[in-house]
1. In segment 87-120, what residues are β-branched (Val, Ile, Thr) and either in a strand (DSSP E or B) or free of Cβ contacts under 8 Å to residues at least 60 places away in the same chain (or both)?
2. Looking at segment 45-58, is at least one residue modelled with pLDDT under 95, buried (at least 20 other Cβ atoms within 10 Å of the Cβ) and more than 25 Å from VAL205 (Cα to Cα)?
3. So for segment 190-197 (the condition being touching a helix residue (DSSP H, G or I) at 6+ places or on another chain (Cβ under 6 Å), modelled with pLDDT of 90 or more, within 30 Å of VAL112 (Cα to Cα) and not in a helix (DSSP H, G or I)), does at least one residue qualify?
4. Could you pull out the residue among ASN67, ASN104 that is modelled with pLDDT of 95 or more, of a type in the set (S, T, N, Q) and surrounded by 16 or more Cβ atoms within 10 Å (Cβ to Cβ)?
Amino acid sequence: MAERNAISPLRLRTVFISDIHLGFRGCSADLLLDFLHHVEMDYLFLVGDIIDVWSMKKNMFWPQSHNNVLRTILGKAKRGTKVIFVPGNHDEVFRDFDGAAFGNLEIHREYVHESVGGRRMLVLHGDEFDSVVKCSPWLAKLGSNLYDVLLAANPYINWWRRKFDLPHWSLSAYLKHKAKTAVQYIGSFEEAVAQAARKRGVDTVVCGHIHHAEMRDINGILYCNDGDWVESCTSLVEDMNGHLRLIDWPKLREQMTVPMSLPAGQVA
C-alpha cells in the first residue's frame, strides 16, 4: 500500500480495458487492481468480457480480488469518471440492458467516443466479427474450454517465474502467436473490424475479444485492440492531448521509478 501511495497517479483522459474475465481462475485481477489504483481518468471503457459468465456457469469462482475490481470501478464512477460498459460474448446477458444508465455507469451495445482532437472512435467488443462465434456458438464454446486450460495455467507459471525474478509471461499467448492459423485469424479479424468501422463513417475503431493488443492503420482506419487482463495485461489509453497509446502494465510497472511520458502510439 505504501508503494502505491508513493507514486503519483497517471492522469489520462480515457482508458479502454477489455477481456478481464472476472469469475475465471486465469483472470489477473491483482495486476488490474494495481493498474486501476495508479491511473485516474475522465472516461473508462469496459470493452466486453468483463465478467466471464460462461466460466461461472461451469464452475463458480469469485474471490475477493474479483469483487475488489468491481468495487474499484464503481468507486471511480462515484468520484466522477464516466464508465461505459460494452458487453462482450462472455457477458452477453448484459446486452439486454443496452441504453441503461446507472449514475455515471452506462451500458451500450456499441459506442462512438470523440477524442480531444475530434477523432470519432467506434467502441465495440468485436465478437460479431468472429465467424466461429457468429456461425457456430457451440463450436466457439468448445474452443473456449480448450483455451481455458491454457489460460488457467498462466497464474501458476508466473508464480514460479516470480520466484526467480522473471518477468510476466503467458503460455497461451506464446502458443497462440506461434500458431500460423491463429496469426491468419487475427489478421482476418482485424481487417473485418476495420471494414465495419469504415462503413459506419468513423476513422478509428477500438475492440477487444481476441486478446491481442494492437494499434495499426488498415487502409485509413486506425485499428486499436486494447488486449486483455488474462494473458498480456494491456490497456489502450488516450492522454489529455488526445494521443493514443498501448500500455503493457507488467512491463510499465517495472519502470515506475522513471517518468511515464511516452510518445503517442508507443507500447510501454
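The values are calculated or read from the model by the stated rules, or taken from the named source; none is laboratory data. Remember, predicted model here, so these are calculated numbers, not experimental data. Virtual Cβ from ideal backbone geometry, glycine too; neighbours counted across all protein chains shown.
1. Listed by number, the residues that qualify are VAL93, ILE107, VAL112.
2. Within segment 45-58, one or more residues are modelled with pLDDT under 95, buried (at least 20 other Cβ atoms within 10 Å of the Cβ) and more than 25 Å from VAL205 (Cα to Cα).
3. Scanning segment 190-197 turns up no residue that is touching a helix residue (DSSP H, G or I) at 6+ places or on another chain (Cβ under 6 Å), modelled with pLDDT of 90 or more, within 30 Å of VAL112 (Cα to Cα) and not in a helix (DSSP H, G or I).
4. Only one candidate passes the filter, namely ASN104.
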